[in-house]
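Enquirer: Mind looking over this structure? Questions follow.
The values are calculated or read from the model by the stated rules, or taken from the named source; none is laboratory data. For clarity, every value in this text was computed on a predicted model and none was experimentally measured. For neighbour counting, all protein chains shown are included, and Cβ atoms are generated from backbone atoms with ideal geometry for every residue, glycine included. Keep in mind that these areas ignore ligands, DNA and RNA; they rest on the heavy atoms of the full protein, side chains included. Shrake-Rupley method; radii C 1.70, N 1.55, O 1.52, S 1.80 Å.
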Amino acid sequence: MWELLISLIIGSTLIGIGVHFIPVGGAPAALSTSAGVPTGAPMITIGMGITGILSAALAIGQPNYIIALSGAVGSMIMMSITMFFSNVIHIYGVGVPLASSNFEKDPLTGFEQDAFVSPGTTGHGIPTISYVSGLIGSLLGGVGGSLAFASIYSTFSTYLNYSTVINGTLATIFSLMLFFIVAVMASYNIGGTIQGFYDEKFKQKIISGTISCFIISVVLSLVYVFIIWGLIYG
């Protein structure tokens, strides 16, 4: 059970950290007045979690590192497609360029953005640096969720005489619930919009967010261990 506890703590903490990297613009982004994905942080990260954990579930029977890699790839694909089509809609549907007022030049491409940011807004779409930040966040979240799934599934398959399907279903439900709770708590720490790891809000929130997510992860992991212990020996 110690291995399960440690895996859950590490996985949950990675999920919380990953949420802070996701560029989220909320309602302002939907109106093209802020850079980021035009939805709330809980919605996009929970979608990322579902995709990653279901991808991890497809790798049942493989070594844990393969399961974690599968979940990470699933989350990254979901996030990259979401950000890509968000940009397509912004560029060809709304007719605004990809730009942010948080920096004069894109740190990766060197693209000068000041002239392309509409007055009264903080940007449009998802610039290159924000896109990369989203991929980093989905990687961390995918690995975290998959690690939690793999540890729970391994425990169930070792101690419970259920079929692979039942053990996989239980592990998926448990890990998704864990992802939901941690993702929502991390989203509340962000408190609105964030444009990625270059955002000043990220620098202000990441340390407190990591500590908070770690504490939440410890509490949740202990609860999970007691519940799973009860299922096994109850």
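Enquirer: Which residue fluctuates the most in the chain, going by a Gaussian network model with Cα springs under 10 Å, if the choices are 59, 41, 150?
Expert: Looking only at 59, 41, 150, the biggest GNM fluctuation is shown by 59.
Enquirer: Report the relative contact order of the chain, percent, no decimals, based on alpha-carbon pairs under 8 angstrom and at least 6 residues apart.
Expert: Worked out over the chain, it gives 34 percent.
Enquirer: Continuing with the same structure: Per residue, how much accessible surface does the chain expose to a 1.4 Å probe? Answer in Å², no decimals.
Expert: Values: 10580 Å² over 234 residues.
So the chain comes to 45 Å² accessible per residue, rounded to a whole number.
Enquirer: Quick check: at a probe of 1.4 Å, how many percent of the accessible area of region 2-233 sits on carbon and sulfur atoms? List each step's numbers first, then the result.
Expert: Details: 7430 of 10420 Å².
Here it works out to 71 percent.
Enquirer: Which loop-located trypsin sites (Lys or Arg not before Pro) does region 191-234 contain, where loop means any DSSP state but H, G, I, E or B and the Cβ has at most 10 other Cβ atoms within 10 Å?
Expert: Nothing satisfies the criteria.
Enquirer: Among 48, 79, 177, which one shows the biggest mean-square fluctuation in a GNM of the chain, springs joining Cα atoms closer than 10 Å?
Expert: Most flexible of the set in this elastic network: 177.
Enquirer: What nm value, rounded to one decimal, do you get for the distance between residue 161 and residue 109 when each label is placed 7 Å out toward the C-beta?
Expert: Reported label-point gap for residue 161 and residue 109 is 6.1 nm.
Enquirer: What value, in deg cm²/dmol to 500, does the helix sum -39500 (n - 2.57) over DSSP H runs of n ≥ 4 give at 222 nm once divided by the residues of the chain?
Expert: -24000 deg cm²/dmol
Enquirer: Taking 0.36 nm per residue of sequence separation and subtracting the Cα-Cα distance, how much length would be gained by fully extending the chain between residue 6 and residue 208, in nm to one decimal?
Expert: 70.6 nm
Enquirer: Please check: in the Gaussian network model of the chain (C-alpha springs, under 10 Å), which one of 152, 129, 81 has the largest mean-square fluctuation.
Expert: In this elastic network of the chain, the residue with the biggest mean-square fluctuation among 152, 129, 81 is 81.
Enquirer: May I pose another question? Angle, helix 128-159 long axis vs. longest principal axis of the chain, Cα atoms, 0 to 90°, nearest 10?
Expert: 10 degrees
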